[in-house]
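Student: I'd like to ask you about the structure that follows.
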Amino acid sequence: TLLAETAEQMRGNAIPRHTDLGRYVARIAGLHQMSTAVAGALERREPADTAAAVVKVLGTSTEGDIADFADLLTGDYSPDRAEYHDMLDDAVVQRPGFTLRGGTNEVLRGVIARGLGMR
């Protein structure tokens, strides 16, 4: 993944270290736990539409934030690995599409609002 490769580039001092790496790792860990909870609810045939929408919105946001983080961090640095550059370039180019896969965030926020009784 891009986040793992960014961490590897930091470890090798190809790009500067940044404390936000830990923040993104924590977000990924939280999303993993949330996704597991949604899967468990679905297996138990419990309603999970609101929780799934929350995970999707947060996951989409995190995916784009990681692409931006890696892009800004890499900046003028030139990591040795061409694979990292390719992965980063792909993520930056695909970033606008992150919000379209699986439904727009606006639609998902509507699902969340209904699930919370706000609509």
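Student: Which condition number does G30 fail, the rest of (1) of a type outside the set (S, T, Y); (2) exposed (fewer than 13 other Cβ atoms within 10 Å of the Cβ); (3) under 18 Å from the mean Cα position of the chain (by Cα) being met?
Tutor: Unmet condition: (2).
Student: Can I ask one more? So E43 clears everything in (1) under 27 Å from R119 (Cα atoms); (2) surrounded by fewer than 18 Cβ atoms within 10 Å (Cβ to Cβ) except one condition, right? Which one?
Tutor: Looking at each condition in turn, E43 falls short on (1).
Student: If you don't mind, another one. Could you give me the residue pairs with C-beta distances under 8 Å whose first residue belongs to segment 37-59 and is within 19 Å of T104 (Cβ to Cβ), whose second residue is outside any helix (DSSP H, G or I) and not hydrophobic (A, V, I, L, M, F, W, C) wherever it lies, and which are 6+ apart or on separate chains?
Tutor: Going by the 8 Å Cβ cut-off, the qualifying pairs are K56/G102; K56/G103.
Student: Here is a follow-up. Does any residue of segment 43-58 turn out to be closer than 27 Å to A14 by Cα, polar (S, T, N, Q) and outside any loop (DSSP other than H, G, I, E, B)? First the steps, then the outcome.
Tutor: Initially, segment 43-58 is screened for residues closer than 27 Å to A14 by Cα, giving none.
The answer is no; no qualifying residue exists.
Student: Between G30, G22, G117, which is on the phi > 0 side of the Ramachandran plot and not basic (K, R)?
Tutor: G117
Student: Every residue in segment 81-103 that is at pLDDT below 80 and surrounded by fewer than 13 Cβ atoms within 10 Å (Cβ to Cβ), please. It would help to see each step written out before you state the result.
Tutor: We begin by selecting, within segment 81-103, every residue at pLDDT below 80; these are 81, 95-103.
Those that are at pLDDT below 80 and surrounded by fewer than 13 Cβ atoms within 10 Å (Cβ to Cβ): P96, G97, L100, R101.
Student: Taking A67 as the residue in question, decide whether it is in contact (Cβ under 8 Å) with a residue 60 or more places away in the chain and either touching a Leu at 6+ places or on another chain (Cβ under 6 Å) or among the small types (G, A, S) (or both).
Tutor: Working: in contact (Cβ under 8 Å) with a residue 60 or more places away in the chain: yes; either touching a Leu at 6+ places or on another chain (Cβ under 6 Å) or among the small types (G, A, S) (or both): yes.
Spelling it out, A67 is indeed in contact (Cβ under 8 Å) with a residue 60 or more places away in the chain and either touching a Leu at 6+ places or on another chain (Cβ under 6 Å) or among the small types (G, A, S) (or both).
Student: Is at least one residue of segment 13-27 touching a residue at least 40 places away in the same chain (Cβ under 8 Å) and over 16 Å from A67 (Cβ atoms)?
Tutor: yes
Student: Now for a separate question. Please work out which one of (1) of a type outside the set (S, T, N, Q); (2) crowded, with 18+ Cβ neighbours inside 10 Å; (3) not in a helix (DSSP H, G or I) is the condition Y77 fails and give its number.
Tutor: (2)
The values are calculated or read from the model by the stated rules, or taken from the named source; none is laboratory data. Please read all numbers here as calculations on a predicted model, not as lab measurements. Heads up, the Cβs are rebuilt from the backbone with ideal geometry, glycines too, and the neighbour counts pull from every protein chain shown.
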